[in-house]
Amino acid sequence: MTEGLRERKKRRTRQQLSDVATGLFLERGFDAVTIAEIARAADVSVNTVYNYFPAKEDLFLDHGRDIVERLSRYVRGRADGESAADAVLRELRVRVEGVSPAVGLMEGYDRFMRVVQDADSLKARLWHIQQEALLDLERTLLAEPGAGRDPRTAELVAGQLSWVHGTLTAYIGREMAAGRPPAEVSRDALVLLDDIEDLLGGKVLNYGRRSET
């Protein structure tokens, strides 16, 4: 659907608020910046900030919804003959090989990680996002053809695939925070993904395999 003028204006305002807030957080730290300061810097009211971002943490972690839905999108988009794990591993490799910011492979990510590590509320919000993503993936697995309808199995497989994603992104975060170049971290992360795949059992690797047509 074509984006209307009102929707486009709201999207731009939301992005502006996030950009202004992120700049302040990177400069001074998350806890040192108030919503009132963000509103003044963006030339809007405090109420406007809260209308777009109900919590201060959402201003910095504004792609939380994408993270929540990421693994489910990979699973739903799997090709004929692919299992849920195949799709997740393939998509993650594509992003790592492409040195994608979506997995933290970008210049300046070390500054982002330092802000997170220095703020307990951001770490708590990230944990909450990860739990939302896990539950979203469980629901997706249960609804997908070829995955069966056993909630316990779906829960266990979702946990394993979430572990894959979490282990990869945690590694990238640590290495980027140490100041390593993104391309260098990308090469090592691909090796890590191979090691992760070797550790997954056959039931996980074959779960939810889509029938070939």
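The values are calculated or read from the model by the stated rules, or taken from the named source; none is laboratory data. As the structure is a prediction and not an experimental result, all values here were calculated from the model. Here Cβ is always computed from backbone atoms with ideal geometry, including for glycine, and neighbour counts include all displayed protein chains. Surface areas here come from the heavy atoms of the whole protein model, side chains and all, with no ligands, DNA or RNA. Shrake-Rupley method; radii C 1.70, N 1.55, O 1.52, S 1.80 Å.
Does the stretch 127-151 hold any residues that are within 16 Å of the chain's Cα centre (by Cα) and closer than 17 Å to ARG210 by Cα, and which are they?
Once the filter is applied, which keeps residues that are within 16 Å of the chain's Cα centre (by Cα) and closer than 17 Å to ARG210 by Cα, the stretch 127-151 yields only LEU137.
Quick one: how many residues across the stretch 1-36 are touching a helix residue (DSSP H, G or I) at 6+ places or on another chain (Cβ under 7 Å) and of a type in the set (D, E, K, R)?
Count: 1.
Which number in (1) assigned to a loop (DSSP other than H, G, I, E, B); (2) in contact with a Phe, Trp or Tyr (Cβ under 6 Å, 6 or more places away or on another chain) marks the one condition that MET106 misses?
Single failed check for MET106: (2).
How about the stretch 132-158: which of its residues are exposed (fewer than 15 other Cβ atoms within 10 Å of the Cβ), in contact with a Leu (Cβ under 7 Å, 6 or more places away or on another chain) and in a helix (DSSP H, G or I)?
Within the stretch 132-158, PRO151 is the sole residue that qualifies.
Checking VAL116 against (1) under 22 Å from ASP31 (Cα atoms); (2) of a type outside the set (Phe, Trp, Tyr); (3) open to solvent by 50 Å² or more (accessible area, probe 1.4 Å), which test does it fail?
(3)
Just the residues that are acidic (Asp, Glu) and touching an Asp or Glu at 6+ places or on another chain (Cβ under 8 Å), please, taken from the stretch 185-213.
ASP188, GLU212
Six or more apart or on different chains, Cβ under 6 Å: which pairs go from a residue in the stretch 196-207 that's more than 15 Å from GLY159 (Cβ to Cβ) to one that's aliphatic (A, V, I, L, M)? Could you list them?
From residues that are more than 15 Å from GLY159 (Cβ to Cβ), the pairs are GLU197/LEU89.
Take VAL68 and tell me if it is open to solvent by less than 30 Å² (accessible area, probe 1.4 Å), among the β-branched types (Val, Ile, Thr) and at negative phi.
yes
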